[in-house]
Amino acid sequence: MNVYRYVTPLIVILLLTVLFIGVVTIHSTICASASDPLEGASLKYRGFNYIAGWWTTPPGDLSSSTSRASLDALKSTGANWVAVDVWWDMSSPTSNTISSVSPYTQTDAQVIDAINDIHTRGMSVMLKPMVLVGPCPIAPTNPAAWFASYATFINHYARIAQKNHVELFCVGCELDGMDNSYYSNWSTVISGVRAIYNGPLTYAPMWGGYKSVVFWALLDYAGIDAYFPLSNAQTPSVNNLVTGWSSYTVSGTVLNWLQEIETWQATINKPVIFTEIGCLPVDYGASDSFNSNGPYNPQVQANYYEAALQAFANKPWFAGMFWWAWYSYPTAGGAGNIIDSNGNVTNWTPQNRPAQSVLTADWQGIPTQRREVPAISSTPTATSPTGPRRIGPRRAS
């Protein structure tokens, strides 16, 4: 009897079975590595918006030795992302052109130096071009001409992003009046950006208008400039502010910001990033971020930061936050608070303030139950001229 006549087919079958199992295993591994971007996205982005302080003497510079020292301090917090914010200008809300001739515009060389300095420190970059205009809404007299000018502006920075290996690009910020319609125009603009830049795209609308943006389907991440009011207290506690994300009362109506964001996210199926979030360190600073200025109260800011970190921890659809803002000089904040003629703090940065320690504790992995926001007592010192409370102080109605 020829045993090999029966054994050989059996061996072939076994070998084919092993091969099949191997292929399935490899396929599963590949699929796992290319999973839905929502999976495991929570707090991937731990970052700051990085800006030059042009109102200081001398003016801020994104490519100076001072800037590099400031980036060293930023890196020490545990941040892994930095949004490099750059501005062009509109002369009025009805203008049809966007101009690079602005005292606020950093040169291309300065922007590229900042990108390289951030990469050298092992952090990733979101390039975030912004249009400086006020007050909103934007209402150009010739929308087609405005979009043509906008394409010139945004494509200029898309080229910089592509050539300098920027990891995320923001196609616009707080363009109130132009982002809730004009889908065809936006499709053309975004297609133009994608023809230049190969990385993922996001957009940064104001918190009151993120649901009405018409072009989320064309992007990879959904951004929100998340200046939601959370508490009407003078110095709200961390618990009060955590509650405020799901239960904030205005004019007798209880609003659940967290549920609204989550419900909206399910309709667009994009990971959510807070492209901006922040709080002035002042009395009542968590009640209305754009209309609140007043006596220095760093406790409000520190509590606000801790509450946001707690409220959005372990949300699989939430990718992280870029805090507003880190300045290009390392002495910002702290004892160098920017104060107006009435003694009101106008500087948003957490630098050299207790809020910086809150972020550092979270980003360096200290569990919530072991973190504390200590009682704070500080007096501000006016050591810098008055600057804008925040560029683009455009709030939702």
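The values are calculated or read from the model by the stated rules, or taken from the named source; none is laboratory data. Please read these numbers as outputs of a predicted model, since none were measured by experiment. Because the Cβ atoms are built from the backbone with ideal geometry, glycine has one as well, and the counts that use them run over all protein chains shown.
Quick check, is Tyr327 surrounded by 21 or more Cβ atoms within 10 Å (Cβ to Cβ), within 17 Å of the chain's Cα centre (by Cα) and either more than 24 Å from Thr105 (Cα to Cα) or modelled with pLDDT under 95 (or both)?
yes
Out of Ala222, Ala217, Ala204, Ala226, I need the residue that is at pLDDT 95 or above and more than 30 Å from Gln310 (Cβ to Cβ). Which one?
Ala217 is the lone residue from the list that is at pLDDT 95 or above and more than 30 Å from Gln310 (Cβ to Cβ).
Only residues that are surrounded by 22 or more Cβ atoms within 10 Å (Cβ to Cβ) and among the charged types (D, E, K, R): list them for the range 157-201, please.
Scanning the range 157-201 gives Glu174, Asp176, Asp179.
Being under 18 Å from Tyr210 (Cβ atoms) and touching a helix residue (DSSP H, G or I) at 6+ places or on another chain (Cβ under 8 Å): is that true of Tyr150 here?
no
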